[in-house]
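Undergrad: Below you will find the structure I want to go over with you.
The values are calculated or read from the model by the stated rules, or taken from the named source; none is laboratory data. These figures come from a predicted structure and were not determined experimentally. Methodologically, a virtual Cβ is constructed for each residue, glycine included, from the backbone with ideal geometry; neighbour enumeration extends over all protein chains shown. Surface accessibility is based on the protein's heavy atoms, side chains included, excluding ligands, DNA and RNA. Shrake-Rupley method; radii C 1.70, N 1.55, O 1.52, S 1.80 Å.
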Amino acid sequence: MPTELPNKDVIRRKPDNKFWTPVRKIWRRVENVVFGLALLLVLLYFILQMPGVQNWLVQKVVRYLSEEWQTEVSLKRIDLEFFDNVVLEGFFIADEKGDTLLFASRLDAGMKSNFFAFLGNEAEIDHIGLTGARVYINREEGDAKNTLKTFLAKISKPSGNKKQSGGIKLSIQNLLLNDVLFIKDISTNNKKNPGIID
């Protein structure tokens, strides 16, 4: 005689363990938060690649650097690669007289942490790479420092625009140069003595 299957209504589930029910709920919430953060980072990355956002970011960077360094700075394009590498294209810095101090077709900075470290007070940069760059080092007769030394001294000390607690402390590990010329021009007795340093 065939055995009858018990009615579905009669089968009862075993009660869940009281310990595992809250653990499962907490785990689901953690999964949702992690997924939400990952989705937010991916969305932020794609937003930063949009031309309108890039232009806004370029204007912000140029304004900040011009005010901070008290000189003219221009930039064609900025690109964030996976939040840990910043690429500046068409980067220009003028010296105190408005002449070209530095022009780099590409300047990239690879960070040991990520781009959001700049939101804090300290950022460690693994490398800075200059490609297709020209650095013009000028010194007038009677000047103790050339334009490059003057610029580096100015950006090394805190400016009047900074708050005492503000500013970012940078630590740079490596400098990578590719197709970079240092062009030295020293004026003596109204004559220019140009020289190229490879």
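Undergrad: Kindly list the number of the only condition in (1) more than 27 Å from R77 (Cβ to Cβ); (2) open to solvent by 40 Å² or more (accessible area, probe 1.4 Å); (3) modelled with pLDDT under 80 that fails for R139.
TA: (3) is the only condition that R139 fails.
Undergrad: Next question, about the same structure. I'd like to check which strands (runs of 3 or more DSSP E) are fully inside the range 29-112 and have at least 1 residues that are modelled with pLDDT under 90, closer than 30 Å to D185 by Cβ and open to solvent by 30 Å² or more (accessible area, probe 1.4 Å).
TA: Working: elements: 77-81, 85-94, 100-111.
Those strands (runs of 3 or more DSSP E) span 77-81.
Undergrad: Please verify whether E122 is at pLDDT below 70, out of contact with any Pro (no Cβ under 8 Å at 6 or more places or on another chain) and of a type in the set (D, E), treating the condition exactly as stated. Don't jump to the end; show me each part of the working.
TA: Values: at pLDDT below 70: yes; out of contact with any Pro (no Cβ under 8 Å at 6 or more places or on another chain): yes; of a type in the set (D, E): yes.
So E122 passes the test.
Undergrad: May I ask you to list the residues in the range 76-93 that are farther than 15 Å from I47 by Cβ and among the aliphatic types (A, V, I, L, M)?
TA: Residues satisfying the conditions are V86, V87, L88, I93.
Undergrad: Next question. Any residue in the range 39-50 that's among the β-branched types (V, I, T): show its pairings with residues that are modelled with pLDDT of 85 or more and in a helix (DSSP H, G or I) at Cβ separation under 9 Å, as long as the two are six or more apart or on different chains.
TA: I47/V53
Undergrad: If you go through the range 64-98, how many residues are in contact with a strand residue (DSSP E or B) (Cβ under 7 Å, 6 or more places away or on another chain) and touching a residue at least 40 places away in the same chain (Cβ under 8 Å)?
TA: From the range 64-98, those in contact with a strand residue (DSSP E or B) (Cβ under 7 Å, 6 or more places away or on another chain) are 65-66, 71-81, 84-95; that's our starting set.
Next, only the ones that are touching a residue at least 40 places away in the same chain (Cβ under 8 Å) stay: 71, 93, 95.
Residues flagged as in contact with a strand residue (DSSP E or B) (Cβ under 7 Å, 6 or more places away or on another chain) and touching a residue at least 40 places away in the same chain (Cβ under 8 Å) within the range 64-98 amount to 3.
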